[in-house]
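Take a look at the structure below.
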Amino acid sequence: MRWKFILGLLTTCAVLMSMSYTMLIPFLPMYLIQDLGVVKADVDMWSGAIFAITFLVSGIMAPIWGALADKKSRKLMALRAGFCLAITYFLGGLVTNPWELLGVRFIQGLSAGLWPALLAIISVESPKLKLGFCMGVMQGGMTAGGVLYILGLDAAFYQIFLSSLFGGLLADQFGMRMAFFIAAAALFLITLALLFFVKEEPRKPDPNAKPVKIWDFSLCRIPAVKRMLICAGVVQLTILMQQPIMPLYVAELQGSMERIVLISGIVFSVTGISGVLASPGWGILGQNWGYRPVLYLSLLGAGLFGIVQVFPNSLEWFTIWRFVGGLAFAGIFPAINAVLTVSTNANDKGRVFGLSYLAQQLGAVMGPIVGGAMTAYFSYKFIIGMSGFICLPLVLYLFLKRPAKTEGTGTPLV
């Protein structure tokens, strides 16, 4: 069936897209030092600026690209993002100084929007009764590819498990510039696949539809959409607030800094593994139980296990509870995406997923700032436990604000 083919194709695109990211990000500090002449004393400053500029710009641009996708073509926006990202990765392998790399990353932020476009396409192509499954599979593909944002895994994991296999091998054999070129080739393949295999049906004009504005937040007036955007941003904040201190907490648990990169990589990886395993199952459960109950349950589980994981003083049990918590956490974003889909009209999918991406980017920016600031007053254990605890009032908020029957477009939020 067509929807199965589209799902497989878009999931493959998501895996390649995220792997192209994870192949390179762990090696950017080394790239700055070895190839671009940055002194070690300045590498942290340059790394922070080069990382942040893309996140900030892409978050600002996401609603704009989403609106254009609804106004023109979702496929066209996916092709634009894939092709432009391929060009920016290629240029990343040609730069000769950190200022040029900063400029490339700025353009990369302007070029972003591929993931929201893929979500918009699958939300339209998937049958109504298979929506949860499709969202779960797509989320599992992103996790399998190693996207940093979804599960908050530290770069050390990718350096050990993914980048050592791909980016590390390429950097060792051909130099780090070649890793950029390989990533560009992967993104170009994504663009070709979307061009030749995704067929966008002509849209039926809606005489009652309002003109699409490029910078339009009117969808936030839909209560369900507003709640899902808040949820996405807060969850992303809780993930990223752990990132600055997690390796230090792992070192604290094992009592030394010995092999900390390898050990941290293992601890981080278990959450991603459990997420890949559980995401499709959560999607199917959402189809049967309803997306809102699944969102409540996964948030509650993520919060409780996020608190429980800090009680053991052994690294082994901490890792086990992180795996269990990852099983619960895996249901959050498929449920959010499904609720956003059923709460909006077919002509608004690009905009709503662009807004969701913006909300997640804001959470991703604020998370490390909040986590880093808390280290001045609280222990690592407290901060990690708090990142789980925040999910509990979020569940209460969503439950108390739940709709009685229907919302937004009148579609039941099953």
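The values are calculated or read from the model by the stated rules, or taken from the named source; none is laboratory data. Computed from a prediction, not measured in an experiment: that's the story for all the values here. In this analysis, Cβ positions are derived from the backbone assuming ideal geometry, glycine residues included, and neighbour counts consider all displayed protein chains. These accessible areas exclude ligands, DNA and RNA; they are computed on the full protein's heavy atoms, side chains included. Shrake-Rupley method; radii C 1.70, N 1.55, O 1.52, S 1.80 Å.
Of the numbered conditions (1) free of Cβ contacts under 8 Å to residues at least 40 places away in the same chain; (2) open to solvent by less than 40 Å² (accessible area, probe 1.4 Å), TRP99 satisfies every one except a single condition; which is it?
TRP99 satisfies all of (1) free of Cβ contacts under 8 Å to residues at least 40 places away in the same chain; (2) open to solvent by less than 40 Å² (accessible area, probe 1.4 Å) except (2).
Which residue, of MET45, MET23, MET61, is open to solvent by 30 Å² or more (accessible area, probe 1.4 Å) and either modelled with pLDDT under 85 or touching a strand residue (DSSP E or B) at 6+ places or on another chain (Cβ under 9 Å) (or both)?
MET45
Checking TRP115 against (1) more than 22 Å from ILE369 (Cβ to Cβ); (2) in contact (Cβ under 8 Å) with a residue 12 or more places away in the chain; (3) open to solvent by 40 Å² or more (accessible area, probe 1.4 Å), which test does it fail?
Of everything listed in (1) more than 22 Å from ILE369 (Cβ to Cβ); (2) in contact (Cβ under 8 Å) with a residue 12 or more places away in the chain; (3) open to solvent by 40 Å² or more (accessible area, probe 1.4 Å), TRP115 misses just condition (3).
Determine, yes or no, whether SER379 is loosely packed, with under 14 Cβ neighbours inside 10 Å and polar (S, T, N, Q).
So SER379 fails the test.
Taking the stretch 120-138, which residues are under 16 Å from the mean Cα position of the chain (by Cα) and open to solvent by 10 Å² or more (accessible area, probe 1.4 Å)?
Scanning the stretch 120-138 gives a single hit, VAL137.
Select, from SER264, SER314, SER298, the only residue that is among the hydroxyl-bearing types (Ser, Thr, Tyr), modelled with pLDDT of 85 or more, more than 17 Å from GLN139 (Cβ to Cβ) and touching a helix residue (DSSP H, G or I) at 6+ places or on another chain (Cβ under 9 Å).
Of SER264, SER314, SER298, the one residue that is among the hydroxyl-bearing types (Ser, Thr, Tyr), modelled with pLDDT of 85 or more, more than 17 Å from GLN139 (Cβ to Cβ) and touching a helix residue (DSSP H, G or I) at 6+ places or on another chain (Cβ under 9 Å) is SER314.
Say whether the condition of being at pLDDT 75 or above and open to solvent by 10 Å² or more (accessible area, probe 1.4 Å) is met by at least one residue in the stretch 151-172.
No, that holds for no residue.
Among the residues of the stretch 336-376, which ones are open to solvent by 10 Å² or more (accessible area, probe 1.4 Å), among the small types (Gly, Ala, Ser) and within 19 Å of LEU56 (Cα to Cα)?
ALA359, ALA364, GLY372
Kindly check whether there is at least one residue in the stretch 317-324 that is touching a Leu at 6+ places or on another chain (Cβ under 8 Å), at pLDDT 90 or above and either buried (at least 23 other Cβ atoms within 10 Å of the Cβ) or not acidic (Asp, Glu) (or both).
The answer is yes; a qualifying residue exists.
For the stretch 68-85, what are the residues that are surrounded by fewer than 23 Cβ atoms within 10 Å (Cβ to Cβ) and either farther than 20 Å from LYS199 by Cα or not hydrophobic (A, V, I, L, M, F, W, C) (or both)?
Correct list: LYS71, LYS72, SER73, LYS75, ARG80, CYS84.
Considering each of LEU327, LEU340, LEU300 in turn, give the residue that is in contact (Cβ under 8 Å) with a residue 60 or more places away in the chain, part of a helix (DSSP H, G or I) and closer than 30 Å to VAL250 by Cα.
LEU300
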